[in-house]
Amino acid sequence: MTTITIPRKFNGPPGNGNGGYSAGLLAAYLDGPHTIRINAPIPLETPLALGRENGITTLHDGETLIMTARPEETSIAPRPAPSFEAAKEASERPRAFGAGEQSVCFVCGRNREPGEGLRIFCGQLDGKDTAATVWTPHETFADEDGLVRPEILWSALDCPGGFSLPDVDRALLGEMNANILERPPVGEPLIIASWRTGGKGRKHVAGTALYCPDGTCLAHADTVWFEVSTERFEANA
């Protein structure tokens, strides 16, 4: 039986796996683009059983369904990149999202050290429902070829979607579908941008994208978020 284990350091809310990172690990076992759905909090340091049935790939923790993946193309076209200067300015005034200053999320945690977390903090861009930042991948996130590992790129495309949600402080990733066009080398600054595209009630949909400073799109993703109360957010910790 093939299993996937999420190491403790790759958490989202404390005690649970980061959605983007976990989806990126699962994507390595998939042929072609898939939308990956998070069905339950992702346990850490736990072998999750990989299964397939009727074209659907699953991850289980015992009898509990943790994630599912269905074949599907990305549907949110990446927007043109903001200028490097605009993204840098946005990064200097990050929005409050998740646990804010107390966050230890692998992607957007402000209490993670460089090389131990991605430290991606997005600020408002042009409109209320857009966000951007500048991110330089640390050398610890390189594959043997010196390029950023695929699961790290999935991670980098995750939390920025949450930063694009206006007036939302707490939300959990529900689904994600990433399209990696080209993996960049570590150590070079990149632009990340995100924009809310719709939703209803507690459900929000956002696009995210990663660009070279010259605006070339390297990767993009569809993300679906579910707004939760502070109490429920902490219950998933």
Elements of type helices (runs of 4 or more DSSP H) contained in region 145-237, each with 2 or more residues being closer than 25 Å to THR58 by Cβ, open to solvent by 20 Å² or more (accessible area, probe 1.4 Å) and not polar (S, T, N, Q): 150-156, 230-235
Hits in region 71-102 - residues which are of a type in the set (A, V, I, L, M) and at pLDDT below 95: ALA96, ALA99
Options THR74, THR58, THR46; residue that is open to solvent by less than 40 Å² (accessible area, probe 1.4 Å), over 21 Å from ARG8 (Cβ atoms) and assigned to a loop (DSSP other than H, G, I, E, B): THR74
PRO78 farther than 23 Å from ASN16 by Cβ and touching a Cys at 6+ places or on another chain (Cβ under 6 Å): yes
Those residues of region 17-42 which are farther than 17 Å from LEU118 by Cα and outside any loop (DSSP other than H, G, I, E, B), in sequence order: LEU26, ALA27, HIS34, THR35, ILE36, ARG37, ILE38
The lone exception for ASP169 - which of (1) in contact (Cβ under 8 Å) with a residue 60 or more places away in the chain; (2) farther than 26 Å from ASN16 by Cα it fails: (2)
Hits in region 23-70 - residues which are without any contact (Cβ under 8 Å) to a residue 12 or more places away in the chain and small (Gly, Ala, Ser): GLY51, GLY62
Flag for ASP126 being modelled with pLDDT under 95, more than 21 Å from ASN18 (Cβ to Cβ) and either among the β-branched types (Val, Ile, Thr) or in a loop (DSSP other than H, G, I, E, B) (or both): yes
The one condition in (1) of a type in the set (S, T, N, Q); (2) open to solvent by 80 Å² or more (accessible area, probe 1.4 Å); (3) modelled with pLDDT of 95 or more that THR64 fails to fulfil: (2)
Tally, over region 5-41, of residues that are surrounded by 18 or more Cβ atoms within 10 Å (Cβ to Cβ) and farther than 16 Å from TRP154 by Cα: 3
Subset of region 195-209 [closer than 11 Å to ILE76 by Cα and in contact with a Phe, Trp or Tyr (Cβ under 7 Å, 6 or more places away or on another chain)]: ALA206, GLY207
Criterion (in a helix (DSSP H, G or I) and buried (at least 19 other Cβ atoms within 10 Å of the Cβ)) met by exactly one of ALA90, ALA69, ALA81, ALA86: ALA90
Search result, residues across region 111-144 that are touching a Phe, Trp or Tyr at 6+ places or on another chain (Cβ under 7 Å) and open to solvent by 50 Å² or more (accessible area, probe 1.4 Å): ASP129
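The values are calculated or read from the model by the stated rules, or taken from the named source; none is laboratory data. Computed from a prediction, not measured in an experiment: that's the story for all the values here. So basically every Cβ, Gly included, is an ideal-geometry build from the backbone, and we count neighbours across all protein chains shown. Each accessible area value is taken on the protein alone, full model and side chains, heavy atoms only, with ligands, DNA and RNA left out. Shrake-Rupley method; radii C 1.70, N 1.55, O 1.52, S 1.80 Å.
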